[in-house]
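To keep things clear, I will list the structure first and then write my remarks on it.
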Amino acid sequence: MTTYTASMAFQSIGIPIRRIPSAIIIGVLGTFFTIYLVMSTSLLDAVNIMLQVLILISAPGITVYCMDIWLRRNRYDGLDLFDERRGAKYWYTGGFSIPGLAAGIIGGAAASFFLTTDFWSGAVAEAMGYIDLSAPVAMIVSGGLYYLFTRRGYTFGDTR
C-alpha cells in the first residue's frame, strides 16, 4: 500500500508516469535503499534516521496543502483535479505549482537549521541547546511563504 501511495506522489508532483510503472520504480528504489541501509547500519537505526529527517519533507508539504485548502476555502473542481493534460485548470507551470514548490523547499531548508537528530543537528538548534523546533519552523515558514506567494500575483483557478 505504501508503494502504491508513493507512486501516486510522482504523479502529484507532475512527473508524467502511469501508476504501475511508477509503483515498480518506487519498489526498486525502496529495495535498493533498504539493502543499502541494512548493509551500512541496522534496520532499526535506518528507520529511526528516516523518521527523524522525514519532518523536513512532511511538515512543509502538509502545511502547503492545508494552506491551499484554506485559501481556496476547499473549493476545488473535482473532475479538473484529475485532468493531467497541458493547459488544464490545475496544470499551472508545466504541471508544477511554483509557489507550492518554493514554499515547501524553503520551509524544509529553514527547518533543517532547527533540526536535532541522533546523527546531525542544525546550527540554530545547537546554539539553542539542541532544542528541536524544526516542525513549527517548517510550518510557519512554508505556510507564510505560500500565503505571500499566492497573494502576490499568483491566482487560483483557471490558468488556461
**Prompt:** Counting each DSSP H run of 4 or more residues in the chain as -39500 (n - 2.57), what helix-only mean residue ellipticity at 222 nm follows after dividing by all residues, to the nearest 500 deg cm²/dmol?
**Reply:** -20500 deg cm²/dmol
**Asked** Once the Cα atoms of helix 134-151 and of the chain are each reduced to a long axis, what angle between those two axes, in degrees from 0 to 90 to the nearest 10, is obtained?
**Response** 20 degrees
**Prompt:** Does anyone have the angle between helix 19-40 and the longest principal axis of the chain? Alpha-carbon axes, 0 to 90°, nearest 10?
**Reply:** 10 degrees
**Message:** Probe radius 1.4 Å, ligands and nucleic acids ignored: give me the carbon and sulfur share of the accessible area of the chain as a rounded percent.
**Reply:** 69 percent
**Asked** Between the DSSP loop rule and a limit of at most 13 other Cβ atoms within 10 Å, which trypsin sites (Lys or Arg not before Pro) in region 11-85 are left?
**Response** Arg18, Arg73, Arg75, Arg85
**Request:** Send over a whole-number figure in Å² for the accessible area per residue of the chain, probe 1.4 Å.
**Result:** 66 Å²
**Asked** Using Cα atoms only, what is the angle between the long axis of helix 2-12 and the major principal axis of the chain, expressed in degrees (0 to 90) to the nearest 10?
**Response** 50 degrees
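The values are calculated or read from the model by the stated rules, or taken from the named source; none is laboratory data. Note that the coordinates shown come from a computational prediction; the quantities given were computed from them, not determined experimentally. As a convention, Cβ positions derive from the backbone with ideal geometry for all residues, glycine included, and neighbour counts pool all protein chains shown. Just so you know, the surface numbers come from the protein's heavy atoms only, side chains and all, with ligands and any DNA or RNA stripped out. Shrake-Rupley method; radii C 1.70, N 1.55, O 1.52, S 1.80 Å.
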